[in-house]
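Encoded as structure tokens, the structure appears first; notes follow it.
The values are calculated or read from the model by the stated rules, or taken from the named source; none is laboratory data. No experiment lies behind these values; they were computed from the predicted model shown. We place every Cβ from the backbone using ideal geometry, glycine too, and count neighbours over all the protein chains shown. The accessibility values were calculated without ligands, DNA or RNA, using every heavy atom of the protein model including side chains. Shrake-Rupley method; radii C 1.70, N 1.55, O 1.52, S 1.80 Å.
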Amino acid sequence: MKSNQLYNSKRRLFLKKVIKLIFIVISFSFISSVLAFLKPKNPKKKPYRFFEISNDKIPKEGVKKIDILIDEEKTMKIFLVKHNNSLIALSPVCTHLGCFVNFDRNINEFVCPCHGGRYNIEGKVIKGPPQKNLQRFPIKIENNKILVGIKI
Ligand code: FES
């Protein structure tokens, strides 16, 4: 009789553990679903919108800061760089904390006024604190027009 009670007690304990485990798995699954739903969508997955750059805005050599007309009320500044026979479009936003960089023609570098971050003419970091290069925008040519792609 005692061994039967011991068996039932062990069985109850085992069932409690199984139920607890099932509850934990279901809770974890539910919480991860809620977190996945609440997580902001990745802005990098947005498609590029391409904007035409008129010829007069393209530098013959060096760097030019230009405005891109996004819509009737909104413009966006970018740097166009003509260097080693190639054209590059760079974001003016410092990759450290988001200040706007300036191009210093005396040293041929982009300089961030906030914490002294510096980038070479192609937007590569040459002095911290930024860890990442300036963002490059894709450039393509369609029907003899130069287009710059921006995710908006
Ligand atoms: Fe540019 Fe800090 S924001 S170096």
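Key figures for this structure:
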| quantity | calculated |
| --- | --- |
| Test for I26: is it in contact with a strand residue (DSSP E or B) (Cβ under 9 Å, 6 or more places away or on another chain) and aliphatic (A, V, I, L, M) | no |
| Pick from region 81-105, criterion modelled with pLDDT of 95 or more and polar (S, T, N, Q), ranking: nearest to the ligand (Cβ to nearest atom) | T95 |
| Given (1) part of a strand (DSSP E or B); (2) under 24 Å from Y48 (Cβ atoms); (3) modelled with pLDDT of 95 or more; (4) not charged (D, E, K, R), number of the condition I126 does not satisfy | (2) |
| S27, sole failed condition from (1) open to solvent by 80 Å² or more (accessible area, probe 1.4 Å); (2) over 19 Å from I150 (Cα atoms); (3) outside any loop (DSSP other than H, G, I, E, B) | (1) |
| Subset of region 129-152 (residues that are part of a strand (DSSP E or B) and either of a type outside the set (V, I, T) or open to solvent by 70 Å² or more (accessible area, probe 1.4 Å) (or both)) | R136, F137, K140, I141, E142, K145, L147, G149 |
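Yes/no per residue for (1) on the phi > 0 side of the Ramachandran plot; (2) basic (K, R):
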position	(1), (2)
F50	no, no
I58	no, no
H83	no, no
L87	no, no
F100	no, no
R105	no, yes
N108	yes, no
